[in-house]
Amino acid sequence: GDRIVGAPSILAADFANLAEDVRRAQRGGAELVHFDAMDNQFVPNLTVGPVVAASLVEAIDLPVDAHLMVDSPDNLIPPFIEAGVASISVQPEAVTHLHRTLTMIRAGGCEAGVALNPTTPPEFIEWALPYLDYVLVMTVNPGFGGQSFIPEMADKVRRLKEMTDLPIQVDGGITAETAPIMVGAGAQVLVAGSAVYKGDAEVEMRKIIDAARGA
Ligand code: DX5
Ligand code: ZN
């Protein structure tokens, strides 16, 4: 089957020691860094943007995947591309002209993704599939780390797998217990924040990847 990838979410890391926290997860097998941008509009929380992404890209040797939980993300796409991220996902609920937005991401040399809120149907992106490189299924409501996994999202992953061969990411409440459920449904990229940084990030990242690969 598809190769399973572990992606630590820096939202749960120490923002004063981001690069070192990424390297700890990398020693545990992480192959991608999940970078959460929030604007206090689309979600009720505020994090970091392209300036911090640029510094992180310089400091580490893993690809950075930006998850934009922001309204009208178009203005932020050029600076994130300039920052050197490898991929950018937008929330289609927050985008009016999704074709234009995804095309802009690809034109900048990045992979393009969409992140679906828990009640956003897979069919909402059916006509966007040709312009997508991956799909992120939110397994919590975006905005905060440490929330409880919504188990019904396994059915959404299964539905998406019937629609497309694109890699599926899952994000929210992913642990060594929930990761195998989502891999069993067809997920390939496991984003985990609090489950990685609650303890030794190397050990916890490895636990999640090992559990998922055993699924
Ligand atoms: C939630 C973010 C997630 C978050 C996941 O809004 O998109 O990436 O960091 O955190 P955990 O793994 O703690 O649910
Ligand atoms: Zn995220």
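Of I150, I208, the sequence from fewest to most neighbouring Cβ atoms within 10 angstrom is I150, I208.
Does the stretch 5-213 classify as rounded, prolate or oblate by the C-alpha gyration tensor (a ≥ b ≥ c root eigenvalues; a/c under 1.5 gives rounded; else a/b over b/c gives prolate, otherwise oblate)? Judged from the Cα gyration tensor, the stretch 5-213 comes out oblate (a/c at least 1.5, b/c at or above a/b). Find how many whole Å separate the alpha carbon centroid of the stretch 152-174 from the alpha carbon centroid of the stretch 40-93. Taking the Cα centre of the stretch 152-174 as reference, the centre of the stretch 40-93 is 22 Å away. The simple spin-label model puts a point 7 Å past each Cα toward its Cβ; for F15 and M163 those points are separated by 3.3 nm. Full extension of the segment from L129 to V52, taken as 0.36 nm per residue of separation minus the current Cα-Cα distance, would add 24.7 nm. Distant-in-sequence amide contacts of N45, defined by a placed amide H-H separation under 5 Å and a gap of 5 or more residues or a different chain, comprise D39, N40. The lysines within cross-link reach of K207, meaning a Cα-to-Cα straight distance under 16 Å and a gap of 8 or more places when in the same chain, are K198. Along the axis of the charge dipole computed for the stretch 63-215 (Cβ charges of +1 for Lys and Arg, -1 for Asp and Glu, origin at the Cα centre), the listed residues A211, W127, G172 are led at the positive end by A211. Note on R24, R106: ascending count of other Cβ atoms within 10 Å places them as R106, R24, the fewest first.
Can you tell me the relative contact order of the chain? Whole percent, Cα pairs under 8 Å, sequence separation 6 or more. Spell out each step's value before the answer.
Values: 457 pairs, mean separation 47.4, N = 215.
Over the chain, the number comes to 22 percent.
Note on L190, L132: ascending count of other Cβ atoms within 10 Å places them as L132, L190, the fewest first.
We did not get these values from a lab; they are worked out from the coordinates using the rules stated. Predicted, not measured: the structure shown is a model, and the values here were computed from it. Heads up, the Cβs are rebuilt from the backbone with ideal geometry, glycines too, and the neighbour counts pull from every protein chain shown.
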